[in-house]
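Supplied in structure tokens, the structure appears directly below.
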Amino acid sequence: MRFPTLRRPRSLAGQLFAMQAVLLAVVVAGYALFTYVNDQRQAVHAATGRASAVARTIADSPAVRTAVRTADPSAQLQPYALQVTRDADVDFVTIMNPSGIRWTHPDRRQIGKRFLGHIGPAQHGRTFTETYTGTLGPSVRAVTPVEEDGRVVALVSAGIRVEAISRRAQDQVTALLGVAGGVLLLGAVGTYVINARLRRHTHGMNAAELSRMHDYHQAALHAVREGLLMLDGQYRVALINDGGRELLGVGDEEDVVGRSVADLGLPAPLTGALLASGPRVDEVHLTATRVLVVNTSPVSGGERRGTVATLRDVTELQSLMGELDSERGFTQALRSQAHEAANRLHTVVSLIELGRAEEAVEFATAELELAQALTDQVVAAVSEPVLAALLLGKTAQANERGVELVVSPDSRLDDGLLPGSLSARDLVTILGNLIDNAVDAAQGSVRARVTVTAYASDTDLVMRVSDTGPGVDSAHAGLVFQRGFSTKPAGPGGRGLGLALVQQAVTRHEGTLSVTEAEEGGAVFEVRLPLRTAVGDGA
């Protein structure tokens, strides 16, 4: 059993072509009809004027007045009338007596008979015109008196047949229709070419399909959580979805469509990535509150038409990766400590086997006291549990890398002092990245050492990290907090993100971040966070 196939609706281009062709045909036909009627009216008016002029000219002729006074006016007037008919391009010239009896006529058989038509106004000395059906058929005629000494001595009528007038108008209309046909053909070809181009742009889709695609397009834009940004060839915003507005910090009330991406107030590295002519793949960029992964792809079709950019929020992921790195460092430190503990245990066992129990106890007690002293030092200075745990872990990591990490005696940070708006994750991001940066800088120096100071004043939380590394060049002081900046070669995962994340977290909590030169060389990074006005959600 075969099911009937539904006919696909005509494409939008086809519908427009049909509508334009019909419209053009109606306009041309209407203009042709108007021109025909107008030409017909003008032809009648011209024929009337010519007939009147011929009749008056004959009436004013002295030869006509002379012939009228003869015994046989037709003998002189008939040849004259025929000659004027040929020369003046009229169909007839009739000269008659005041009573309407013809003296001349194109058909000699009609001479002597009464003129067919009205002559009353002419008998009273007035020229008039009319359309009347006479012996030659319908004609446009003029009748005028021949006056002598104030008396009407004869009447003259000149006329042009309506058939001749119509034939002349039809010749003009035929030429007009030829021109109109050419215009219609030219318009149809132009319309076809334009609609063929439109068909390519719409891919042959009809209006319903385009409308349905637009609805899907709008629904998809609002449903996608990732940010989508489309720029035209001049790098102006052509389209941005809800996710893009949120990730770039552009509110719904702010109209950004049509504005240049350089005018959106975005960070310089992010603006540079969006303005780049080439594609960008999985680039990490920071805004004031977010970490974004940016991908861009140029739109081209023989020429540059714009750029499509996608934005993914990896703020949470980046924080989790930082915590994971810390946990990985802790694990490596614990593994190393376990290895060292095993060596020390073997030493203790060997001393006991050698019969030196007192030396074994002394050796084991000294190691325990050293570890406990380090813990007591950190906890006494910083009783805030998150920071204390972070410092203990970072101390072990630094020790494995040959760097001594110490907590300054000036440190004092009691538990419960920090406001709830200052999350543990942000503390780990700020202090952890500063310590990692300091350890990287101090590693390999003559006296590899990192000093951490953390205390709370009446209004601020102060965290200061100094190292014995090469320090920061004054020319780079304003660049060290930008994403991607580093004085060391980039590793597999890239460099320059840690300090940028610190800057982002500090800015989010309305704090300050600065870098200065240490007294003994190296760099000092200092963070100040307000305790009473700290804001943010720790995202």
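Collect residues whose amide H, placed 1.01 Å from N in the peptide plane, falls under 5 Å from the amide H of Asp460; neighbours closer than 5 in sequence don't count.
Residues meeting the amide H criterion: Leu531.
So, one more: Along the Cα→Cβ direction, 7 angstrom out, place labels at Asp242 and Arg200. What is the inter-label distance in nm?
3.9
Please work out the average accessible area per residue across segment 223-281, using the 1.4 Å probe convention, and give it in Å².
Values: 3030 Å² over 59 residues.
With all protein chains present, segment 223-281 gives 51 Å² per residue.
State the extension gain, in nm to one decimal, for the chain segment bounded by Glu358 and Ala71, taking 0.36 nm per residue of separation less the distance between their alpha-carbons.
85.2 nm
Quote the accessible area belonging to Met213 in square angstrom, nearest 10, computed with a 1.4 Å probe and with ligands, DNA and RNA left uncounted.
100
Also, I was wondering about something else. Using a 1.4 angstrom probe with every protein chain in place, what is the largest-first accessible-area order of Phe34, Phe363?
Per-residue accessible area, sorted high to low, gives Phe34, Phe363.
How big is the accessible area of Ser260 in square angstrom, nearest 10, if you roll a 1.4 angstrom probe over the protein chains?
Estimated to the nearest 10 Å², Ser260 gives 30 Å².
Moving on. Compute the length gained on full extension between Arg212 and Asp458: take 0.36 nm times their separation in residues and subtract their Cα-Cα distance, giving the result in nm to one decimal. Let's see the in-between values first.
On the way: separation 246, 0.36 × 246 = 88.56 nm, distance 6.24 nm.
Working it through step by step, the gained length comes to 82.3 nm.
FRET efficiency for Ile101 and Leu185, Cβ-Cβ distance as r, R0 = 45 Å, nearest 0.05?
After rounding to 0.05, the efficiency reads 0.15.
Oh, and also: On a 1.4 Å probe surface of the protein chains, which of His118, His217 comes out largest in accessible area, and what is the full order? Each step should come with its number before you reach the end.
Working: His118 105, His217 75 Å².
Ranked from most to least accessible, the order is His118, His217.
Below 8 Å, C-alpha to C-alpha, sequence gap of six or more: please give me the relative contact order for segment 73-121 in percent. Show your work: numbers first, answer last.
Values: 57 pairs, mean separation 13.7, N = 49.
Relative contact order here is 28 percent.
Sorting check: for 136-147, 72-83, 236-247, which peptide has the highest mean count of neighbouring beta carbons within 10 Å, and how do the rest follow?
136-147, 236-247, 72-83
I would also like to ask the following. Report the calculated FRET efficiency for Arg114 and Val27 (r = Cβ-Cβ distance, R0 = 51 Å), to the nearest 0.05.
Numbers: r = 51 Å, r/R0 = 1.01.
For Arg114 and Val27, the calculated efficiency is 0.50.
Taking R0 as 41 Å, what FRET efficiency do you get between Gln443 and Glu510 from their Cβ-Cβ distance, rounded to the nearest 0.05?
Given R0 = 41 Å and the Cβ-Cβ separation, E is 0.80.
A further question on this structure: Ordering Arg225, Arg425 from largest to smallest accessible area (1.4 angstrom probe), what's the sequence?
Arg225, Arg425
The values are calculated or read from the model by the stated rules, or taken from the named source; none is laboratory data. Computed from a predicted model, the values in this text were never measured in an experiment. Methodologically, a virtual Cβ is constructed for each residue, glycine included, from the backbone with ideal geometry; neighbour enumeration extends over all protein chains shown. To get the accessible areas, we keep the full protein, side chains included, count just its heavy atoms, and leave off ligands, DNA and RNA. Shrake-Rupley method; radii C 1.70, N 1.55, O 1.52, S 1.80 Å.
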